[in-house]
1. Taking the stretch 135-169, which residues are among the polar types (S, T, N, Q) and farther than 16 Å from VAL72 by Cβ?
2. Looking only at the stretch 102-119, which residues are assigned to a loop (DSSP other than H, G, I, E, B) and open to solvent by 10 Å² or more (accessible area, probe 1.4 Å)?
3. If I filter the stretch 55-74 down to residues being touching a residue at least 24 places away in the same chain (Cβ under 8 Å), out of contact with any helix residue (DSSP H, G or I) (no Cβ under 7 Å at 6 or more places or on another chain) and among the acidic types (Asp, Glu), which single residue comes out as least open to solvent (accessible area, probe 1.4 Å)?
4. In the stretch 163-183, which residue that is farther than 16 Å from LEU122 by Cα and open to solvent by less than 60 Å² (accessible area, probe 1.4 Å) is nearest to the chain's Cα centre (by Cα)?
5. Give the stretch 34-52 a look and list any residue that's open to solvent by less than 50 Å² (accessible area, probe 1.4 Å) and either in contact with a helix residue (DSSP H, G or I) (Cβ under 6 Å, 6 or more places away or on another chain) or in a loop (DSSP other than H, G, I, E, B) (or both), or say none.
6. Please give the number of the condition TYR194 fails out of (1) among the hydroxyl-bearing types (Ser, Thr, Tyr); (2) open to solvent by 10 Å² or more (accessible area, probe 1.4 Å); (3) within 22 Å of ALA74 (Cβ to Cβ); (4) in contact with a helix residue (DSSP H, G or I) (Cβ under 6 Å, 6 or more places away or on another chain).
7. For the condition surrounded by 15 or more Cβ atoms within 10 Å (Cβ to Cβ) and over 22 Å from ALA110 (Cβ atoms), what is the one hit in THR215, THR204?
8. Hydrophobic (A, V, I, L, M, F, W, C) and assigned to a strand (DSSP E or B) - does that describe any residue in the stretch 11-29?
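The values are calculated or read from the model by the stated rules, or taken from the named source; none is laboratory data. Note that the coordinates shown come from a computational prediction; the quantities given were computed from them, not determined experimentally. Virtual Cβ from ideal backbone geometry, glycine too; neighbours counted across all protein chains shown. Note: accessible area is taken over every heavy atom of the protein model, side chains too, but ligands, DNA and RNA are not part of it. Shrake-Rupley method; radii C 1.70, N 1.55, O 1.52, S 1.80 Å.
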Amino acid sequence: MTPDTADRPQMSVEDFEELVHRAPRELRNRLEFLGGRLCIRHGPLDVEEFEELAEAAPETVRLEYINGKVEVKAVPDGNHGEIFMWLLRQCMQQRPELNLMPERGVKAEACRKGRARTDGFLAPVGHFRSHGEWSAPDGALMAVEITSHDRDTDQRGRVDKPIGYAAAEIPVYLLIDRDNTTVVVYSEPKDGRYQQTQSCPWGTTIELPAPVSITLATEELKEYAD
């Protein structure tokens, strides 16, 4: 992680002020913005309080609830979007009976107490019909994260998300790591951990395991290295 990334604030002051303005009255005095980070006073929020806050947040602020902490997920840039579309095309071509839903909220972690915003969530067509903001993981095949150049990427994408998705028994977690130009495939969740992890450099052809069963030709990812 570069010094610029380490120093980058989670959100702008203007977005924080808008979040406070929109937040439920009982939560407003608990929100602080210190050192570029969103902080919660008087102890952590519970999951119900988080959902209230996330529902009230402006569109420019994407909140997650990971390990009992409120996190701010970076707004995707152009290369992030291009990588998602690359993956979407391959999924549609090989598994047209599945949808890769972008920016889907998921009930993650043990007892579904976490709230993660996936960059993509792979499930059968029609799976998300009538779902609210946060979907249960049942029946989904794969969670996808594409790293952003923000200061929380390492902990969130490489540490917390694999644990949270494994605990929710999501069969496959695909991490497209822009910092390390690798594709990491986590599979076989058991006892809150993925038992198999495969890391491949961009340019490699990768076989995503069942139940996903998609072959990824990753040469094109090199065009989005930054």
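1. Here is the first cut: in the stretch 135-169, the residues among the polar types (S, T, N, Q) are 135, 147-148, 153, 155.
If the condition is that a residue be among the polar types (S, T, N, Q) and farther than 16 Å from VAL72 by Cβ, then SER135 is the only one that fits.
2. GLU103, ARG104, GLU109, LYS113 - these are the residues of the stretch 102-119 that are assigned to a loop (DSSP other than H, G, I, E, B) and open to solvent by 10 Å² or more (accessible area, probe 1.4 Å).
3. Looking at residues that are touching a residue at least 24 places away in the same chain (Cβ under 8 Å), out of contact with any helix residue (DSSP H, G or I) (no Cβ under 7 Å at 6 or more places or on another chain) and among the acidic types (Asp, Glu), I get GLU64.
4. GLY164
5. Within the stretch 34-52, GLY36, GLY43, LEU45 meet the criteria.
6. Condition not satisfied by TYR194: (3).
7. Going through THR215, THR204 in turn, just one is surrounded by 15 or more Cβ atoms within 10 Å (Cβ to Cβ) and over 22 Å from ALA110 (Cβ atoms): THR204.
8. Scanning the stretch 11-29, I find no residue that is hydrophobic (A, V, I, L, M, F, W, C) and assigned to a strand (DSSP E or B), so the answer is no.
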